[in-house]
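To start, the structure itself, in structure tokens.
The values are calculated or read from the model by the stated rules, or taken from the named source; none is laboratory data. Not measured: the values here are computed from a predicted model. Because the Cβ atoms are built from the backbone with ideal geometry, glycine has one as well, and the counts that use them run over all protein chains shown.
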Amino acid sequence: MNPVLEAIFGNRTATLVLLFLEAYSEGHALRIANTFELGLSMTQRQLKRLEGNGVIESRVIGKTRLFTFNERNPTVKNLREFLKRELKQLPKDEIRKYFRQRQRPRRSGKTL
């Protein structure tokens, strides 16, 4: 991970949360924590802080709280452009490991 990004966003967890949300558009705390092998409480703390400052917003679907960027905040558009450029500069192995996860289940009967 780029140490400059960690300095800008305050810590590694906040950086990873924001990159995850940019890559996948939405996510819940447990999936973000599991993706990067972070502690769930650290991830939840950063999500709560970002939501409290208006960077992200959440909605509850069933028992799951999904987080997305708050598009009503004018600064978020610039932030997302910045994150998009930073994602393109990550090493290819890091992109494959963290930012190319399957979003839908495999069709039944399909060979691996």
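Assorted remarks:
- Check on Gly39, within 23 Å of Asp93 (Cα to Cα) and of a type outside the set (D, E, K, R): yes
- Yes/no for Leu5 being at pLDDT 90 or above, hydrophobic (A, V, I, L, M, F, W, C) and in contact with a helix residue (DSSP H, G or I) (Cβ under 9 Å, 6 or more places away or on another chain): no
- Where a residue in the range 61-83 is charged (D, E, K, R) and its partner, wherever it lies, is outside any loop (DSSP other than H, G, I, E, B) and surrounded by 15 or more Cβ atoms within 10 Å (Cβ to Cβ), with Cβ under 7 Å and at least six apart: Arg65/Ser58; Arg80/Glu22; Arg80/Phe69
- Subset of the range 62-112 (residues that are of a type in the set (D, E, K, R), at pLDDT 90 or above and in a helix (DSSP H, G or I)): Lys77, Arg80, Glu81, Lys84, Arg85, Glu86, Lys88
- Residue list for the range 32-43, restricted to those being within 14 Å of the chain's Cα centre (by Cα), surrounded by fewer than 16 Cβ atoms within 10 Å (Cβ to Cβ) and of a type outside the set (A, V, I, L, M, F, W, C): Asn34, Glu37
- Restricting attention to the range 31-61, the residues being within 15 Å of Phe9 (Cα to Cα) and part of a strand (DSSP E or B) number 1.
- Across the range 1-30, the qualifying residues are those that are outside any loop (DSSP other than H, G, I, E, B) and touching a strand residue (DSSP E or B) at 6+ places or on another chain (Cβ under 9 Å), and the one among them that is surrounded by the most Cβ atoms within 10 Å (Cβ to Cβ) is Val17.
- So Arg65, is it touching a Ser or Thr at 6+ places or on another chain (Cβ under 6 Å) and of a type outside the set (Ser, Thr, Tyr): yes
- Residue check: Leu40 meets all listed conditions (1) at pLDDT 95 or above; (2) of a type in the set (A, V, I, L, M, F, W, C); (3) out of contact with any Ser or Thr (no Cβ under 7 Å at 6 or more places or on another chain); (4) under 22 Å from Leu79 (Cα atoms) but one, namely (4).
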